[in-house]
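> One structure, as structure tokens, below. Some questions next.
The values are calculated or read from the model by the stated rules, or taken from the named source; none is laboratory data. Please read all numbers here as calculations on a predicted model, not as lab measurements. When we count neighbours, we look across all protein chains shown, and the Cβ atoms used for this are built from the backbone with ideal geometry, even at glycine.
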Amino acid sequence: MKKTERQNGIVHLLRTRGKLSANDLASYFEVSERTIYRDIDALSQLRVPIISYEGLGGGYEIDPSYFMPSIKLSEQEILMLLMVLKAGEELRIPNMVKDYNLLSSKVLNALTDDERQEAAKVLSHIDFNMIRIMPKGYIQDVLKILLEAFNKSCDLEVAYYHPERDETDYRRFSPTKLFFENGGWYVTGHCHLRQAMRTFRLDRIVSMTCLEGKNVYMNSQLPMPEHDKFTWYTYELIIDPALYRIIKDDDFLQQAQVKAIDKGLHLTVRTPYKNEIHQLVLGHPEQVTALKPEIFVQEIIKISEKICKKYLKP
């Protein structure tokens, strides 16, 4: 973060959070207290009315009458941005917590104290639930390195941890797409070790370095491997109309082609959400019948047999 951005951030934080110590500010911006002292001195020279308190419980405040001009937005627009930012908390963007918090403070800075309280009251009644997995954390600068690789079209050397084998291996990797799914961040690309497309969870990357040389797969349409959890398959199902009316708005059915038949509805849908199709078929055995692909039908049969074997007494 540049010095000017950090100093503007100090003003925004003091205005929205009230009194903060040098240690609080240093922790927030991940710099030393000495750097904060220099920033406070610089702001004071620019006639920003910062009030300093010494001794135990000391810190810094900003004169409540001080206003830092910002983009003119309506209250409704600001509330909409705050809702988007609250949804953004669920994305847990790697290594960008302080930038996210600073952006929130900048938006709040456009409100009066009363308006902030009203916005907080409204937001307390709004929740976003997009999380199914909870990554423990990411290596430092993982997102920065990935974005650099996309910008420079270069390959990466990746050390990747495989929990099923409890092993870490190294490989050359040509990234093509970064995406968020069910609470985790993933990167897809060409793995030079396997000579095929692979998808890696970012929280399982142990180390990552940009390499010399062009990423020749950057704009390529890579074929999905059969075992990849994000592989697209075309499924054919027979489903009870009443159940379909309940679930037809689910994202994995948005592109479904529907045809009425004697036994109900015939659905044809192409989707990467294999787990959702699994749950639909196994969770509603009387209302859903899987027809294709054959490999998927055989999986359902094997799972059903294992369940019967485990729970039915001989």
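> Mind listing whichever residues of region 75-117 are polar (S, T, N, Q) and under 12 Å from the mean Cα position of the chain (by Cα)?
Scanning region 75-117 gives a single hit, N95.
> Output the residue which, of all residues in region 198-235 that are in a loop (DSSP other than H, G, I, E, B) and among the charged types (D, E, K, R), is modelled with the lowest pLDDT.
Taking the candidates together, the pick is E226.
> Please go through (1) within 33 Å of the chain's Cα centre (by Cα); (2) over 23 Å from R132 (Cα atoms) for K263 and return the number of the only condition it doesn't satisfy.
Condition (1) is where K263 drops out.
> Let me ask another. For region 1-58, what are the residues that are surrounded by 12 or more Cβ atoms within 10 Å (Cβ to Cβ), touching a residue at least 60 places away in the same chain (Cβ under 8 Å) and outside any helix (DSSP H, G or I)?
Hit for region 1-58 is M1, nothing else.
> Residues I300, I238: which one is outside the structural domain of T199 (by TED's automatic domain parsing), assigned to a helix (DSSP H, G or I) and at pLDDT 90 or above?
I300
> Of (1) at pLDDT 75 or above; (2) under 23 Å from R6 (Cα atoms); (3) β-branched (V, I, T), I71 satisfies all except one. Which?
Going through the list (1) at pLDDT 75 or above; (2) under 23 Å from R6 (Cα atoms); (3) β-branched (V, I, T), I71 breaks only (1).
> Can you tell which of K248, K274 is under 30 Å from F173 (Cα atoms) and surrounded by 10 or more Cβ atoms within 10 Å (Cβ to Cβ)?
Among K248, K274, only K274 is under 30 Å from F173 (Cα atoms) and surrounded by 10 or more Cβ atoms within 10 Å (Cβ to Cβ).
> Restricting to region 117-174, name every residue that is small (G, A, S) and in a helix (DSSP H, G or I).
Residues satisfying the conditions are A119, A120, A149.
Here is a yes/no grid of residues against (1) among the hydroxyl-bearing types (S, T, Y); (2) in contact (Cβ under 8 Å) with a residue 60 or more places away in the chain; (3) under 21 Å from P135 (Cα atoms):
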| site | (1), (2), (3) |
| --- | --- |
| Y161 | yes, no, yes |
| R172 | no, no, no |
| T176 | yes, no, no |
| Y186 | yes, no, yes |
| C210 | no, yes, no |
| K214 | no, yes, no |
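> Just wondering, is there one or more residues in region 100-120 that are modelled with pLDDT of 75 or more, in contact with a Phe, Trp or Tyr (Cβ under 8 Å, 6 or more places away or on another chain), more than 23 Å from Q7 (Cα to Cα) and surrounded by 15 or more Cβ atoms within 10 Å (Cβ to Cβ)?
Looking for residues that are modelled with pLDDT of 75 or more, in contact with a Phe, Trp or Tyr (Cβ under 8 Å, 6 or more places away or on another chain), more than 23 Å from Q7 (Cα to Cα) and surrounded by 15 or more Cβ atoms within 10 Å (Cβ to Cβ), one finds none in region 100-120, hence no.
> Let me ask another. Determine if region 201-208 includes at least one residue that is farther than 25 Å from L91 by Cβ and of a type in the set (V, I, T).
no
> Within region 2-33, work out how many residues are more than 16 Å from G58 (Cβ to Cβ) and of a type in the set (D, E).
2
> Still on this structure: Look at region 156-211 and say how many of its residues are small (G, A, S) and surrounded by fewer than 16 Cβ atoms within 10 Å (Cβ to Cβ).
Residues in region 156-211 being small (G, A, S) and surrounded by fewer than 16 Cβ atoms within 10 Å (Cβ to Cβ): 4 in total.
> For region 123-138, which positions are within 15 Å of the chain's Cα centre (by Cα), of a type in the set (A, V, I, L, M) and surrounded by 10 or more Cβ atoms within 10 Å (Cβ to Cβ)?
M130, I131, I133
> Within region 68-85, is there a residue that is surrounded by 11 or more Cβ atoms within 10 Å (Cβ to Cβ), without any contact (Cβ under 8 Å) to a residue 24 or more places away in the chain and over 30 Å from G183 (Cβ atoms)?
Checked against the condition, which is being surrounded by 11 or more Cβ atoms within 10 Å (Cβ to Cβ), without any contact (Cβ under 8 Å) to a residue 24 or more places away in the chain and over 30 Å from G183 (Cβ atoms), region 68-85 yields no hits at all.
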